[in-house]
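Have a look at the structure below, then the notes.
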Amino acid sequence: MSENEFIIGCQNQDSKIQNLVYKTYAPKVFGICKRYMKDRERAEEMVMNTFLAVFQKTNQFKNQGSFEGWILRIAVNSCLMELRKKTNFENECSIDHFQFSIENEVLGNLDENDIEKMLQLLPEGARIIFNLYVMEGYKHSEIAEKLNIAEGTSKSQLNYAKEKLKKIATVFNQSKIKEYGR
């Protein structure tokens, strides 16, 4: 079924088409929500919020870009709205934590599951900004606007996330070396 058929079906509130849209895009939406939310239950809740918004707002889709991209943006925005209520970005890190960056050779030995686990270990604010900047491609000015924070806060949280990830990656790599050495 084409994206256009999905759009028309959702606009007409066709439950069979809505079910197909859910089955088609839910895995990607869940992957995004899992990156932003600390636990599986909150991620699943955000998936539901995303599809509720998609089905309620399909008439607002303007055919600028793909339907899938529009759905994924709704997922990110749903997560951000939820997290914005509960996260104090200003108090999550201090200025002393900005001297390191992630080096490719540190992350090179890690698989996708390892990286996902590592992201879950970050403080919420740092994880959100890392996801927005690195994974979603937002600029610091856009992140600041979306989260209602200073651009400098976005930059410092990203640096903090990179430092923490470098330290976490070192531990993950050491445990993998031990695991393979047995």
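The values are calculated or read from the model by the stated rules, or taken from the named source; none is laboratory data. What you see is a predicted model, and the numbers here were worked out from it, not measured in a lab. So basically every Cβ, Gly included, is an ideal-geometry build from the backbone, and we count neighbours across all protein chains shown.
Residue pairs whose Cβ atoms lie under 9 Å apart, separated by 6 or more positions or on different chains, with the first residue in the stretch 138-160 and at positive phi and the second surrounded by 19 or more Cβ atoms within 10 Å (Cβ to Cβ), do not occur.
Please verify whether the stretch 106-113 includes one or more residues that are farther than 17 Å from SER154 by Cβ, in the same structural domain as GLY152 (by TED's automatic domain parsing) and at pLDDT 75 or above.
no
Screening ASN91 on (1) within 19 Å of the chain's Cα centre (by Cα); (2) among the polar types (S, T, N, Q); (3) at pLDDT below 85 shows it passes everything except condition (1).
Does ILE177 meet the test of being modelled with pLDDT under 85 and β-branched (Val, Ile, Thr)? Walk me through it before giving the result.
Numbers: modelled with pLDDT under 85: yes; β-branched (Val, Ile, Thr): yes.
For ILE177, the condition - modelled with pLDDT under 85 and β-branched (Val, Ile, Thr) - is met.
Contact annotation: residue pairs with Cβ atoms under 7 Å, 6 or more positions apart or on different chains, pairing a residue in the stretch 20-39 that is under 21 Å from PHE130 (Cα atoms) and touching a residue at least 12 places away in the same chain (Cβ under 8 Å) with a partner that is surrounded by 16 or more Cβ atoms within 10 Å (Cβ to Cβ) and of a type in the set (Ser, Thr, Tyr), are VAL29/THR50. Taking the numbered list (1) out of contact with any Asp or Glu (no Cβ under 7 Å at 6 or more places or on another chain); (2) farther than 30 Å from PHE51 by Cβ; (3) at pLDDT below 80 in turn, LYS167 passes all entries but (3).
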